[in-house]
Amino acid sequence: MVQRVNTLLTMSDIAALAQVQRPVVTMWTRRYTGSDRPFPAPSQIRGRQRHYDGDEVVRWIESRNLGNNDALDESLALHAALNTGDEFDEDIVFDGITALLCLKWYLGGQLSEYSSAELLDEADETDPDDEFLYSEIETLGDGLTKFAEYTDLLADSAYEPKFAFESLVAQRNRSTISSDSGGRVSPQCLTLCAAITAALTDPDHHVYVDPTAGTSDLLVAVRAGLPEYSEPTSMCNETGSRTSRLARRRLAVHGWARASPPRGGFGTGFELSGPSAFVIQYPSASSLGHTDAQILSEIDDIAVQMSDDHVAVVLAPASALLDAQPDPEAARLRSDILRSDRVRAAIRLPEGLMPASPGTSLALWVLGPASEAVRPADRWSVIVDVGSRELDDATTDGLVSDVVAAMGDWNSIRAHAFQFGVLTKTSVLLAEDKRGLTPTRIKRPRVRRIGADLAAEILTRSDAIQHTQLELRRDVRLPVEYRAADGSLLPTLGQLAASGELKVLGGHRIEPGHILAGGAVRVIGLEEVLGQIGIGQRGVDRLLFTAAYPSARYTEPGDIVFTSGARFGAVVDHDGSSVAVFPARIIRIADATSSGLIPDVIAGHLNASGLGSRPPRAIRSSATWKRWEVPRVPPETAAATIDAVDSLRRHRATAAQLLAEIEQLTSTLVDGLAHGVLTVSDGSRAPQERSAQNAS
């Protein structure tokens, strides 16, 4: 067992560990009551929260062959809390472990190699003024060695201290309702804010400023959106609060350099020199009870001191930034900010982005330098309403593109085809502010189309369809003979693996951030096996793969990549040179011709065998891969069988290509018709030629 220290799991933690939905764990506790192996009893009950021994839960899940995680031992530390009994308060444990993770990031080695005294010395040297971690480590007292050992285990399970830190924060958010829980927003919202910030700034020159004394979620998201090799600098409103100290530790493990805030903090009249990017979220831990007027007052303080090399991305309730404002003070403040000509973009976001308050609508303001060359009567802002859209990748990319254009001059505005934004004069916004900052219409994405180009594309696609149809006209001849079944049992994968005729190899654990669209090294994971993503659409950079995973193996042509558990699927990698990503595994046949084990026949048989089916209320099938039966053809007919299967596979690929070409042709035609740049004639007369300019 990888586990070396006693850990505790809540019901939510067990669900996360086993990779199942939370109600499934409750079902386990009830379904197996009274059986020979009932679900483990809670080892501790704190208030209304039941805590289970981590080792017992892992052994029980493995014995029942439940859940969707085949690496429970390795993953346990990421989801469990250290069992300290009544010796330490939960807050002390959380703060202590996060402080040790931060120290581990600075030291770059195993904490268990240090004695308690040495760890305190290193903590004192790292944090001589006790600003973010020394007190938390010192408070652990005689338990410091045990906590250091657990921290090493946690970091090793998560690959890096920053991932372990985020796992602890997520676990804390699941199990407690902290003072800042009301200000948490969804990952999609954080990703959008980070993408806009990254597009407007240079990490080598800008200082990223959070003037609120809140959580560090936004800055963590911004760091993930910046280049990995960059060394960005952050500046926060540092206080002695527990939340502020935690934020400093969290930003440190994510690689943020630290800049000191202005003397006196970020009150009225503060000043910042040099390029700066304000990244602000309301409500935060320090502004949960703020009214709209208080939020706008703080934004006004920032807008007043902004210089030409400052930008700001402000996330706040739409009631403050966009909605009709019944509070006269708030309305006056918003009007003053609009007149400053710094609100370059105002975006209404969809509801549901705040888990604690799903009905709250959020909005974004993007502030930039005011243009002295533009007359007050001609000043403008870009207003966007995506309240009815999901914040998926396409919407995020479109919003980032619109915001970048909005931050430019008038020429860049005129040259940009806005996907969502509507250019609105500031004078109109001020006149209509009593009704809220709302665009006159909600703009839908519309791409400029040129009729001549679309007509040429239709001709090209028509020719491609004709060529593919010619390929499909080739006869498919499969000389087959029928015979009576001999009634012999099919061999199982376990038997074939034991005889050495095939091998079953595990998939590799690749960090999700390393898997990109179009990477040079193809990956085959759960999504590819289940057909949700085509093979080759995702991959890993080759240099990164070689450096980060030196012992990883590639697939070979003919390997069968499969997944088991709650979702089953099998696919043949005919090209090879891919990487199977956990939980996918590989079936590698030693010699298909001599053994009669044909990859396509085996994969097709397994997919048709209903291995993914399971009894009602069960999480996975009871049959493990070792008991799966696989077909074997007579060795003397293996070569002919391989040729026949390959021929059918090529015809199937050609047919799929024809279908895709027809879909593309249809889409091109509909696109031209919808934009009014194409018409379909009856063929009785020659088409009238039009220039590209007129057709567009």
**Asked** How many of the residues in region 381-428 are under 20 Å from Val343 (Cβ atoms) and either in contact (Cβ under 8 Å) with a residue 24 or more places away in the chain or not in a helix (DSSP H, G or I) (or both)?
**Response** 30
**Asked** What is the one condition in (1) modelled with pLDDT of 85 or more; (2) part of a helix (DSSP H, G or I) that Pro40 does not satisfy?
**Response** (2)
**Request:** Scan Trp365, Trp410 and give me the residue that is over 22 Å from the mean Cα position of the chain (by Cα), surrounded by fewer than 17 Cβ atoms within 10 Å (Cβ to Cβ) and either within 17 Å of Pro187 (Cα to Cα) or among the aromatic types (Phe, Trp, Tyr) (or both).
**Result:** Trp410
**Message:** Quick check on region 515-543: of everything there that is surrounded by 16 or more Cβ atoms within 10 Å (Cβ to Cβ) and in contact with a helix residue (DSSP H, G or I) (Cβ under 6 Å, 6 or more places away or on another chain), which residue is nearest to Glu160 (Cα to Cα)?
**Reply:** Val540
**Message:** For the structure I just gave you, tell me whether Ser499 is of a type in the set (S, T, N, Q), surrounded by 11 or more Cβ atoms within 10 Å (Cβ to Cβ) and more than 35 Å from the chain's Cα centre (by Cα).
**Reply:** yes
**Request:** Would you check if Val374 is modelled with pLDDT of 85 or more and in the same structural domain as Glu298 (by TED's automatic domain parsing)?
**Result:** no
**Request:** Inspect region 318-338 for any residue being within 30 Å of Tyr106 (Cα to Cα) and among the aliphatic types (A, V, I, L, M) and give the result as yes or no.
**Result:** no
**Item:** Members of region 193-202 found to be in contact with a strand residue (DSSP E or B) (Cβ under 8 Å, 6 or more places away or on another chain) and assigned to a loop (DSSP other than H, G, I, E, B), listed by number
**Value:** Thr201
**Item:** Verdict on Ile619 being under 30 Å from Leu526 (Cα atoms), touching a helix residue (DSSP H, G or I) at 6+ places or on another chain (Cβ under 8 Å) and modelled with pLDDT under 70
**Value:** yes
**Prompt:** Of the residues that sit in region 506-550 and are among the β-branched types (Val, Ile, Thr) and part of a helix (DSSP H, G or I), which one is nearest to Ser157 (Cα to Cα)?
**Reply:** Thr546
**Prompt:** Residues in region 127-165 that are assigned to a helix (DSSP H, G or I), more than 13 Å from Leu103 (Cβ to Cβ) and of a type in the set (Ser, Thr, Tyr): how many?
**Reply:** 3
**Request:** Six or more apart or on different chains, Cβ under 8 Å: which pairs go from a residue in region 159-172 that's touching a residue at least 12 places away in the same chain (Cβ under 8 Å) to one that's acidic (Asp, Glu) and buried (at least 18 other Cβ atoms within 10 Å of the Cβ)? Could you list them?
**Result:** Gln171/Asp13
**Message:** Condition first: in contact with a helix residue (DSSP H, G or I) (Cβ under 6 Å, 6 or more places away or on another chain), under 20 Å from Arg248 (Cβ atoms), outside the structural domain of Gly264 (by TED's automatic domain parsing) and in contact (Cβ under 8 Å) with a residue 12 or more places away in the chain. Can you find one or more residues in region 138-145 that meet it?
**Reply:** yes
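The rows are residues; the columns are (1) in the same structural domain as Asn65 (by TED's automatic domain parsing); (2) touching a Gly at 6+ places or on another chain (Cβ under 8 Å); (3) modelled with pLDDT of 85 or more.
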site: Val572; (1), (2), (3): no, yes, yes
site: Ser595; (1), (2), (3): no, no, yes
site: Gly604; (1), (2), (3): no, no, yes
site: Arg614; (1), (2), (3): no, no, no
**Asked** Are any residues in region 628-644 of a type in the set (Val, Ile, Thr), in a helix (DSSP H, G or I) and buried (at least 17 other Cβ atoms within 10 Å of the Cβ), and if so, which ones?
**Response** Thr641, Ile642
**Asked** Looking at Glu556, is it touching a residue at least 24 places away in the same chain (Cβ under 8 Å) and in a helix (DSSP H, G or I)?
**Response** no
**Prompt:** Of all the residues that make up region 16-37, how many are among the aromatic types (Phe, Trp, Tyr) and either in a loop (DSSP other than H, G, I, E, B) or exposed (fewer than 14 other Cβ atoms within 10 Å of the Cβ) (or both)?
**Reply:** 1
**Prompt:** Just to be sure, is Ala170 in a helix (DSSP H, G or I), farther than 30 Å from Ala117 by Cα and assigned by TED's automatic domain parsing to the domain that holds Arg48?
**Reply:** yes
**Complete:** Counting only residues in region 43-94 that are closer than 20 Å to Trp625 by Cβ, at pLDDT below 80 and among the aliphatic types (A, V, I, L, M), the one surrounded by the most Cβ atoms within 10 Å (Cβ to Cβ) is identified as Leu72
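The values are calculated or read from the model by the stated rules, or taken from the named source; none is laboratory data. Small disclaimer: the values here were computed from a predicted structure and weren't measured. Backbone-built Cβ (ideal geometry, glycine too); neighbour counts: all protein chains shown.
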